[in-house]
1. Is it true that some residue in segment B:2-10 is open to solvent by less than 30 Å² (accessible area, probe 1.4 Å), under 25 Å from A:R126 (Cβ atoms) and near DNA strand D (Cβ under 9 Å from one of its atoms)?
2. What is the number of the single condition among (1) over 23 Å from A:S133 (Cβ atoms); (2) polar (S, T, N, Q); (3) within 13 Å of DNA strand C (Cβ to nearest atom) that B:T16 does not meet?
3. Select from segment B:21-53 the residues that are open to solvent by 70 Å² or more (accessible area, probe 1.4 Å) and either within 11 Å of DNA strand C (Cβ to nearest atom) or in contact with a Gly (Cβ under 7 Å, 6 or more places away or on another chain) (or both) and write down the one among them that is nearest to B:A7 (Cα to Cα).
4. Could you pull out the residue among A:D85, A:D89 that is in contact with a helix residue (DSSP H, G or I) (Cβ under 9 Å, 6 or more places away or on another chain) and at negative phi?
5. Which ones in segment B:13-57 are aliphatic (A, V, I, L, M), within 12 Å of another protein chain (Cβ to nearest Cβ) and within 13 Å of DNA strand D (Cβ to nearest atom)?
Protein chains: 2
Amino acid sequence: MKIGQLADKTGLSIQTIRFYERKALLAAPQRTQSNYRSYSDEALKQLLFIKQCRSLDMTIEEISLVLETRTNPESSCENVNATMDKHIDDIKHRISELNALQKTLKSMRAACNDDKKIKECGVLHRIDSIVDSHCPAKRND
Amino acid sequence: MKIGQLADKTGLSIQTIRFYERKALLAAPQRTQSNYRSYSDEALKQLLFIKQCRSLDMTIEEISLVLETRTNPESSCENVNATMDKHIDDIKHRISELNALQKTLKSMRAACNDDKKIKECGVLHRIDSIVDSHCPAKRND
DNA sequence: CTTGACTCTATACCAAGTATAGAGTTTACA
DNA sequence: TGTAAACTCTATACTTGGTATAGAGTCAAG
């Protein structure tokens, strides 16, 4: 199978497939006489696995780790689970960051309605007041 | 004030300050005879404003927009508020994506404990089963 | 035989910085 | 006054996960 067909079957772009090869997520395939990449069904499965992992927002490094472990069916899956645990924890952390941020933004936004002028804008005043409180210039004047 | 002092006062790195200048968030300052950047207190305030916006996870483009509007105190703050609304919405969207993702990951992770072998790993089986269901290779055999 | 579709490599680009090399400048101390 | 450390300058490369070109070669249909 040539790269275009593989792209169609996986829903990944041709560039992305070549990118994964450069990143060593996907083994370099055989080449035809005219130097075209020629893929097996194994490559298709591997790519779908990678795609699924990416849809879980795993980084390429994380996927790399899991793929490496996966090649030895007798090895322990401790590494895979540790990677997942770390990943779950990262996401939990990011969610709580974003929740806090959302709260701040909403309260900030509530300080202004749309028909004010810039000099009266509640949002800008809120930012400015934080800036002023951190700005040593005031104290040096 | 030279760039190093400005970096100390803002808590930004020297490179970041120069980066913001390249991105036109910060006006190019005057230069000394030896070509060193020489900053006013205005620049300090501007940088603290930018830093605060970045801590709100606003993109440089969003900050640019707000800064531009901000220069005219008589203009309407509609743009600022529209930017904030869009930003709040983006974050809301991202949070719900991450929540869904977290749920998937946790349920996946629950399918395996640490002392299994790779071939028995519940996490990998869950990924594989999704892959298999999307893989046309099976049907072509 | 030529046109269009496909593929190849190499390179540049995006965000939001960070890190470096190599050169010039200023400051502190003896 | 000398010199060494600390500072600054520009320019360039690197990060992540791709995307988008240019310019060349290959393949299939009419």
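The values are calculated or read from the model by the stated rules, or taken from the named source; none is laboratory data. Given the structure is predicted, the values throughout are model-derived calculations rather than measurements. When we count neighbours, we look across all protein chains shown, and the Cβ atoms used for this are built from the backbone with ideal geometry, even at glycine. Ligands, DNA and RNA are stripped out before the accessible areas are found, and what is left, the full protein with its side chains, is counted by its heavy atoms. Shrake-Rupley method; radii C 1.70, N 1.55, O 1.52, S 1.80 Å.
1. From segment B:2-10, those open to solvent by less than 30 Å² (accessible area, probe 1.4 Å) are B:3-4, B:6-7, B:10; that's our starting set.
Then drop every residue that is not under 25 Å from A:R126 (Cβ atoms), which leaves B:6, B:10.
Those still in the list that are near DNA strand D (Cβ under 9 Å from one of its atoms) too: B:6.
So far as segment B:2-10 goes, yes, one or more of its residues are open to solvent by less than 30 Å² (accessible area, probe 1.4 Å), under 25 Å from A:R126 (Cβ atoms) and near DNA strand D (Cβ under 9 Å from one of its atoms).
2. (1)
3. Here the residue is B:K51.
4. Working: A:D89 fails: in contact with a helix residue (DSSP H, G or I) (Cβ under 9 Å, 6 or more places away or on another chain).
Going through A:D85, A:D89 in turn, just one is in contact with a helix residue (DSSP H, G or I) (Cβ under 9 Å, 6 or more places away or on another chain) and at negative phi: A:D85.
5. Going through segment B:13-57, the residues aliphatic (A, V, I, L, M) turn out to be B:14, B:17, B:24-28, B:43-44, B:47-48, B:50, B:56.
Among the residues that remain, those that are also within 12 Å of another protein chain (Cβ to nearest Cβ) are: B:43-44, B:47-48, B:50, B:56.
Hit for segment B:13-57 is B:A43, nothing else.
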